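Visitor: First the structure, which I've put down as structure tokens, then a few questions once you've had a look.
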Amino acid sequence: MKNLERFGFPALIVVMAIMPNLLNPRWQAVAITFLIFTVVALSQDIILGKAGMFNMGQALFFGMGAYITAILNSQYGWPLLATIPVAILLPALFGVLLSGPIIHLRGDYLLVVTIGFNIVFIQVVQNNLGGITGGPNGIFGLDSLSLFGTQLTSQLAVYYFAFAVLLLTLGIMRNLEKSKAGRALHYLREDHLAAESIGINTRVYKIFAFALGAGIAGLAGTVFATQYSAVSPEAFEFIQSVLFFSIVLVGGSSMPGILLGVFMMFVLPEIFREFATWRFFIFGFAMILAMILRPRGIWPATFGKIPKFLIKESNHGA
Amino acid sequence: MDIFLQQLANGLTIGSIFALVALGYTMVYGVMKLINFAHGDMVAASAFVGLTIYTQVMGQATSLVAVIAIFFLSAAVMACVGIILERLAYRPLREAPRLSAVVSALGASLMIQNGIMLIWGPQMRIFPELIPQVYWDINGVVISLIQVLILVLSLGLMIALYLFVEKTRMGAAIRASAIDQDAARLMGINVNRIIAIIFIIGSSLGAVGGLFIGLYYRGITFNMGWQYGLYAFIAAILGGIGNIPGAMLGGMMLGLFQAFIAGYISSTWADAFTFILLILILIVRPTGLLGERVAGKV
Amino acid sequence: MSNDVLFEIKDLEVSYGSIAAIKGISLKVHKGEIVTILGANGAGKTTTMRTISQLIKAKSGSIKFKGQELTQLPAHKIVKLGISQSPEGRRVFGILTVEENLMLGAFVKSKMNKETLQWVYQLFPRLEERRKQLAGTLSGGEQQMLAIGRSLMSDPEMLLLDEPSLGLAPILVKAIFEQIKMIANKGVTVLLVEQNAKAALKLADRGYVLDVGKIALSGTSAELLASEKIQEAYLGKKS
Amino acid sequence: MKRTFRNILLTLFTIVLMAGLSWADTLKVGVQAPITGSYANEGQGIENGVRLMAAQINAKGGVMGRQIEVIVCDDQGTAMAAAICAKDLVNKGVAMVIGSYTSTAAEAAQKTYFNAGVLQTSDGTADSLTEHGYWTFLRNSFPNSAEAVFAANYMVNVKSYKRIAVISDFSSYAAGLAEATVAEIKKAGGNVVTYAKIKADSQNFTPVLTNIKSKNPDVIFFAGYYSDGGQLRAQQKALGIKADFIGGDANDNADFAKLAGSSAKGALIINVPSPDALPYEIAKTFIADYQRTYGMMPPSIWGLMNIDGMRAIIHAMEHNQSFDTKKAADYLHNMDKPLEGITGSISFAADGNRIGGAYVVKEIQADNSYKVIYAQ
């Protein structure tokens, strides 16, 4: 495991940095999708895995970021990159506002309420609230990336944009582990009551985790909007949230597990196109099988970092 | 007033379908503390199974006997699917962390939904008009035969279920298993069998709900289960999850609520309002309207 | 007191994951006896009881009742053989009525034995008064009565009682122990787990002392009451 | 665990290798259509038609010696999948794209094709499709605005309805048609009592219809798709709303009558003629070939319109003796003589709209067949 961290990750990052130059445009597009969804899955991991909150509405924040970028670009002519601060801050703010009143809800209810947020979001954009979301069609025809006035129209530019976002996310997650907030979340997961008794304000840290996860997902949304030059409601339906939720849990809330999960879900179907219609059937089967064989995920987080929800609790009724 | 009464009738019809489906969620949750995400897709599957039974087994006969036979056969098929589902996807995870079972349920949902697509194809399938189109106009409020059938049959099934659970020994055993599985085992109750019974009842009621959807709306699609499953699950929570009369009340309330929202405010905002209602109720009254019948913790 | 062994545990080991809770215990219960298992918190008393009822599976060893091996049976089959347990913490079904709780006690019977019900009501008249009330609304003592009454409804040959005195006022403890005596007098063999060693030994014929998963002492009640170790550890007397 | 990791790397390298493969020299024709989803029926009709036409052309030696290679992408009738399809097809190097069925999916893909200089021909009828000024887009059907004029005239002047209710869903096609029709009705002096929107695929339309009932209309004009239209018609009858029902062109599908069941009889549908009613020789031959190949009739005229779009583009390339898409588009925008098509003669205005219009009103009979009761 140590070796993996020392050599595996740098190797993977080097491969990722070089790879797109060797790919044809179709596989570049697949690789970009992989990067975007990895970032969303990691942001979901902050909320679900690191803070232990049953969130099944991550596509909401992802979609919010994408829509913010699309609206600012198509309606107000902002360059794509200039929309980034808004695409991070607004979802983060919504993360705080939405999670505030519900943070104390029991796990299953939190699940349903977050699904609800996701569905309300979809209805808002479908109903073209304020006439800016483009209704059920969404918004098409965004500009290309541009940096200091230079147009970066190639897919390669989008790839490296996505790659930079992934690296940033990895950096944030690494720092989170070491920071005060990360330690607080760690204690929270280990023992909620004990954490409270030593003076950790659980509410604040949980909301913080929600906001952080939402902000990163929003940033991934910007990359998404850039890649497809379009946003539309169905890309952020709650079924997407279900997939991110499942990827984190099937993967085991660890870096390699999540990479593996995103790879299986979004890249394998591209390789085996003839199985495209079987994709969800097979994925569903794999989810069941993975949970039965490895209830803590295919690649569980290392010992000592095991999230609370992965630890078996007694289910005696009162 | 006509409109109000008409919307009331509309709401009660769809509400009783929600209630039937909600019972499956609430019973499984009550005993297993598991959100059976696959339940909605089972409901969708039952509509397809019913259609196939009609065309392949019944030879498209449209007698009353044929319709009744479709109900019983589909319920039987879905009960078997329910038992298999529980055995393969949930039982091995009985002792596993809570969320593993949730993921397994989501996996089962994807599998069933896409299984329907692989078997019956992605396009909409259309139910024959098995219930004659008969309407009664009562002072401007039009009620159709199928609405009456749905309402009466649903209420009948719900009352039967209520009596079974509240008044029989097996019913008491089900309630006991929901409260405390170990204590139930100490009474000599075979909890595995109770869970199987619950899946049989829940899946059969869901099958009836699925057939109602097919007979009433006629067009069925492989992915319609999510929608009904979600509404029904909300209904179960509204009423207080694990609480059988609660699921019935929640289903009816949700049907009425949606009819009035769609009728008086906007049909395109119905989902949003539904969830806002749910969130408000959970914030004000976290255990649903009638309260939970089980002390669960996560 | 007859000499036929009704129930026997041999070399029983139980563990939770990698943590051993019971490290090889053996004990015997004869027909008609009241046998008590004493021990501090965490000694493994409740684990033993749960293992007998097969709520937990043994790692090794055997548990025999009337010559039949129990360790391979599922939990719900145990009651039918004639072993009934009133678990630690009572575990009554709170949102069921008293009557329904008792009815479930007789779940393994094809028909509830009316005489048994009468007997339970006779033992615990409070239960009859409150038979339509939800069990969760009863007081602690009443819930304990219900838990014992419920476990009698299957007409067991052997009754397992796990800490019936837990959390009860001394006066209620006394009453409960008297009622246990009455149950035993009816011919029901009783295996009683207790922390309240003094009361338990006064009632029981024999006793075992469990200490971190092993049997530290055993003997007749008189012997144990006289033992210095017991006096020190459980009866709070300095020698 | 290490092995899994190695496998990831291996797969990544496989991807790299696959990237090196080159393609044979063919004329690549993309099909962007809803192969799955609510409109799968229509999407598969488009795919089948294109494949058949390609096979027929290839059998005659291809286009200027090049064989046609058909590449299909399923857009599920949704905008997002369409945007992805567009990128995918462009990346695969198609010269033209046939489809899609829904205006929404066609519109979501337009800009990508325009940027890549790939010709796109769709039966999408939304007016907005030709309003962006993309030279790459060629509409092979007639725009909503033409249908709106026809429908308004029929309702206001021919049938003299006094109270008209209009329903649409949220798609750009349906909302566009509904809004254009409402405007035309008003222009013709008609009275629109209500304009309601429904959520597509939501099945339960009784709340909306109950409201419409209170407005007491004598006709309901529905601008959405058949999968909702059939259910609307059934629920209209079930609620005892006596009004006539007129469906827009996307209701012209056999499933409409099946969904409406016994309520289907008497419903009216406005569209161009059905495949079996096409009088042209070329139509009869192609439809006969289609039936022989696939064992069924084309699901509707829309697939055939798309085939006409494909034929027009290939005709232009052959006329120019060049695969240059810009030249082909220039030729098509300025044809002096229309091309004989399966769905009638085909030529394009400078904005890419198909010129002409041939609407009829069809009434559904008791046996679910159509009877044309009014023609333009």
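The values are calculated or read from the model by the stated rules, or taken from the named source; none is laboratory data. Treat the numbers as computed from the prediction; the structure is a model and nothing was measured. Positions of Cβ are generated from backbone atoms using ideal geometry, with glycine treated the same way; all protein chains shown enter the neighbour counts. Each accessible area value is taken on the protein alone, full model and side chains, heavy atoms only, with ligands, DNA and RNA left out. Shrake-Rupley method; radii C 1.70, N 1.55, O 1.52, S 1.80 Å.
Visitor: Any idea which of (1) at pLDDT 90 or above; (2) in a loop (DSSP other than H, G, I, E, B); (3) open to solvent by 10 Å² or more (accessible area, probe 1.4 Å) is the one C:Pro164 doesn't satisfy?
Guide: (3)
Visitor: Just one of the numbered conditions (1) over 29 Å from B:Val134 (Cα atoms); (2) within 11 Å of chain A (Cβ to nearest Cβ); (3) open to solvent by 20 Å² or more (accessible area, probe 1.4 Å) is not true of B:Pro245; which one?
Guide: Result: B:Pro245 fails condition (2) only.
To keep it simple, each residue is scored yes or no on (1) open to solvent by less than 10 Å² (accessible area, probe 1.4 Å); (2) at pLDDT 90 or above; (3) not aliphatic (A, V, I, L, M).
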site	(1), (2), (3)
C:Gly105	yes, yes, yes
C:Thr137	no, yes, yes
C:Gln144	yes, yes, yes
C:Ala199	no, no, no
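Visitor: Working carefully through the options A:Ala164, A:Ala184, find the one that is open to solvent by less than 10 Å² (accessible area, probe 1.4 Å) and either more than 10 Å from chain B (Cβ to nearest Cβ) or at positive phi (or both).
Guide: Working: A:Ala164 fails: open to solvent by less than 10 Å² (accessible area, probe 1.4 Å).
Exactly one of A:Ala164, A:Ala184 is open to solvent by less than 10 Å² (accessible area, probe 1.4 Å) and either more than 10 Å from chain B (Cβ to nearest Cβ) or at positive phi (or both), namely A:Ala184.
Visitor: Among (1) closer than 22 Å to A:Ala230 by Cβ; (2) more than 14 Å from chain B (Cβ to nearest Cβ); (3) surrounded by fewer than 21 Cβ atoms within 10 Å (Cβ to Cβ), there is one condition A:Ile139 misses while meeting the rest; what is its number?
Guide: Going through the list (1) closer than 22 Å to A:Ala230 by Cβ; (2) more than 14 Å from chain B (Cβ to nearest Cβ); (3) surrounded by fewer than 21 Cβ atoms within 10 Å (Cβ to Cβ), A:Ile139 breaks only (3).
Visitor: Just to be sure, is D:Lys162 modelled with pLDDT of 90 or more, assigned to a helix (DSSP H, G or I) and open to solvent by 20 Å² or more (accessible area, probe 1.4 Å)? Explain how you work it out, then say what you get.
Guide: Values: modelled with pLDDT of 90 or more: yes; assigned to a helix (DSSP H, G or I): no; open to solvent by 20 Å² or more (accessible area, probe 1.4 Å): yes.
In short, no.
Visitor: If you don't mind, another one. Would you point out the residue of the stretch C:95-133, among those that are away from chain B (no Cβ under 11 Å), not polar (S, T, N, Q) and not in a helix (DSSP H, G or I), that is nearest to C:Gly187 (Cα to Cα)? Steps first, please.
Guide: Step one: of the stretch C:95-133, the residues away from chain B (no Cβ under 11 Å) are C:98, C:113-133.
With the extra rule that they be not polar (S, T, N, Q), the set shrinks to C:98, C:114-115, C:117, C:119-121, C:123-132.
Among the residues that remain, those that are also not in a helix (DSSP H, G or I) are: C:124, C:130-132.
Working: C:Phe124: 18, C:Arg130: 27, C:Arg131: 26, C:Lys132: 30 Å.
It comes out as C:Phe124.
Visitor: Within the stretch C:104-111, is even one residue under 30 Å from B:Thr168 (Cα atoms), without any contact (Cβ under 8 Å) to a residue 40 or more places away in the chain and out of contact with any Gly (no Cβ under 7 Å at 6 or more places or on another chain)? Give the steps one after another, and end with the answer.
Guide: Restricting attention to the stretch C:104-111, the residues satisfying the condition of being under 30 Å from B:Thr168 (Cα atoms) are C:104-111.
Retained after the next criterion (residues that are without any contact (Cβ under 8 Å) to a residue 40 or more places away in the chain): C:110-111.
If we keep only those that are out of contact with any Gly (no Cβ under 7 Å at 6 or more places or on another chain) as well, we get C:110-111.
Yes, the stretch C:104-111 contains a residue that is under 30 Å from B:Thr168 (Cα atoms), without any contact (Cβ under 8 Å) to a residue 40 or more places away in the chain and out of contact with any Gly (no Cβ under 7 Å at 6 or more places or on another chain).
Visitor: Mind checking whether some residue in the stretch A:85-98 is crowded, with 18+ Cβ neighbours inside 10 Å, within 12 Å of chain B (Cβ to nearest Cβ) and modelled with pLDDT of 80 or more?
Guide: First, pick out the residues of the stretch A:85-98 that are crowded, with 18+ Cβ neighbours inside 10 Å: A:87-88, A:90-92, A:94-95, A:98.
Right, trim to within 12 Å of chain B (Cβ to nearest Cβ) and you get A:98.
Next cut, modelled with pLDDT of 80 or more only: A:98.
Taking every residue of the stretch A:85-98 in turn, at least one turns out to be crowded, with 18+ Cβ neighbours inside 10 Å, within 12 Å of chain B (Cβ to nearest Cβ) and modelled with pLDDT of 80 or more.
Visitor: If you check D:Gln76 against the conditions, is it within 9 Å of chain A (Cβ to nearest Cβ) and within 22 Å of D:Glu179 (Cβ to Cβ)? Explain how you work it out, then say what you get.
Guide: On the way: within 9 Å of chain A (Cβ to nearest Cβ): yes; within 22 Å of D:Glu179 (Cβ to Cβ): no.
No, not satisfied.
The rows are residues; the columns are (1) over 18 Å from B:Ala262 (Cβ atoms); (2) among the β-branched types (Val, Ile, Thr); (3) buried (at least 22 other Cβ atoms within 10 Å of the Cβ).
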| residue | (1), (2), (3) |
| --- | --- |
| D:Phe205 | no, no, yes |
| D:Lys215 | no, no, no |
| D:Val219 | yes, yes, no |
| D:Tyr226 | yes, no, yes |
| D:Gly230 | yes, no, yes |
| D:Lys237 | yes, no, yes |
| D:Asp244 | yes, no, no |
| D:Gly247 | yes, no, yes |
| D:Ala250 | yes, no, yes |
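Visitor: For B:Leu110, all conditions in the list (1) facing chain A (nearest Cβ under 8 Å); (2) free of Cβ contacts under 8 Å to residues at least 60 places away in the same chain; (3) open to solvent by 40 Å² or more (accessible area, probe 1.4 Å) hold save one; what is the number of the exception?
Guide: Here B:Leu110 meets the rest and fails (3).
Visitor: Determine, yes or no, whether D:Asp330 is at pLDDT below 90 and surrounded by fewer than 15 Cβ atoms within 10 Å (Cβ to Cβ). If you could, list the steps in order and put the result at the bottom.
Guide: Working: at pLDDT below 90: no; surrounded by fewer than 15 Cβ atoms within 10 Å (Cβ to Cβ): yes.
In short, no.
Visitor: If I filter the stretch C:16-56 down to residues being without any contact (Cβ under 8 Å) to a residue 40 or more places away in the chain and assigned to a loop (DSSP other than H, G, I, E, B), which single residue comes out as surrounded by the most Cβ atoms within 10 Å (Cβ to Cβ)?
Guide: Looking at the filtered set, the residue picked out is C:Gln54.
Visitor: I'm checking my understanding of the structure. Among residues of the stretch B:113-143 that are charged (D, E, K, R) and touching a residue at least 24 places away in the same chain (Cβ under 8 Å), which one is most open to solvent (accessible area, probe 1.4 Å)?
Guide: At the first step, the residues of the stretch B:113-143 found to be charged (D, E, K, R) are B:125, B:129, B:137.
This time we only want the ones that are touching a residue at least 24 places away in the same chain (Cβ under 8 Å), so: B:125, B:129.
Values: B:Arg125: 84, B:Glu129: 57 Å².
Checked the stretch B:113-143; the qualifying residue most open to solvent (accessible area, probe 1.4 Å) is B:Arg125.
Visitor: Moving on to the next point. Looking at A:Ala59, A:Ala70, which is the one that is within 25 Å of A:Leu129 (Cβ to Cβ), within 13 Å of chain D (Cβ to nearest Cβ), open to solvent by less than 10 Å² (accessible area, probe 1.4 Å) and touching a strand residue (DSSP E or B) at 6+ places or on another chain (Cβ under 9 Å)?
Guide: Numbers: A:Ala59 fails: touching a strand residue (DSSP E or B) at 6+ places or on another chain (Cβ under 9 Å).
After applying the criteria, what remains is A:Ala70.
Visitor: Looking only at residues in the stretch A:103-128 that are at pLDDT below 80 and open to solvent by 20 Å² or more (accessible area, probe 1.4 Å), which one is nearest to the other protein chains (Cβ to nearest Cβ)?
Guide: A:Arg106
Visitor: Taking the stretch B:182-193, which residues are outside any loop (DSSP other than H, G, I, E, B) and surrounded by fewer than 23 Cβ atoms within 10 Å (Cβ to Cβ)? Give the derivation first.
Guide: Restricting attention to the stretch B:182-193, the residues satisfying the condition of being outside any loop (DSSP other than H, G, I, E, B) are B:182-186, B:191-193.
If the condition is that a residue be outside any loop (DSSP other than H, G, I, E, B) and surrounded by fewer than 23 Cβ atoms within 10 Å (Cβ to Cβ), then B:Asp182, B:Val191, B:Asn192, B:Arg193 are the ones that fit.
Visitor: Working carefully through the options C:Glu88, C:Glu99, C:Glu115, C:Glu128, find the one that is open to solvent by 50 Å² or more (accessible area, probe 1.4 Å) and touching a Ser or Thr at 6+ places or on another chain (Cβ under 6 Å).
Guide: On the way: C:Glu99 fails: touching a Ser or Thr at 6+ places or on another chain (Cβ under 6 Å); C:Glu115 fails: touching a Ser or Thr at 6+ places or on another chain (Cβ under 6 Å); C:Glu128 fails: touching a Ser or Thr at 6+ places or on another chain (Cβ under 6 Å).
Matching residue, one of C:Glu88, C:Glu99, C:Glu115, C:Glu128: C:Glu88.
Visitor: Here is a further query. If I go through the stretch B:114-155 residue by residue, how many of them are closer than 19 Å to B:Met78 by Cβ and more than 7 Å from every other protein chain (Cβ to nearest Cβ)?
Guide: First, the residues of the stretch B:114-155 that are closer than 19 Å to B:Met78 by Cβ: B:114-120, B:125, B:127, B:130, B:150, B:153-154.
Still in the running and more than 7 Å from every other protein chain (Cβ to nearest Cβ): B:116-117, B:119-120, B:125, B:127, B:130, B:150, B:153-154.
Within the stretch B:114-155, residues that are closer than 19 Å to B:Met78 by Cβ and more than 7 Å from every other protein chain (Cβ to nearest Cβ) number 10.
Visitor: Restricting the search to the stretch D:165-190, which residues are touching a helix residue (DSSP H, G or I) at 6+ places or on another chain (Cβ under 8 Å), at negative phi and open to solvent by 10 Å² or more (accessible area, probe 1.4 Å)? Let's see the steps before the verdict.
Guide: Just the residues of the stretch D:165-190 that are touching a helix residue (DSSP H, G or I) at 6+ places or on another chain (Cβ under 8 Å), to begin with: D:165-177, D:180-181, D:183-185, D:187-190.
From what's left, at negative phi: D:165-177, D:180-181, D:183-185, D:187-188, D:190.
Within the stretch D:165-190, D:Phe170, D:Ser171, D:Ser172, D:Ala175, D:Gly176, D:Ala180, D:Ala183, D:Glu184, D:Lys187, D:Ala188, D:Gly190 meet the criteria.
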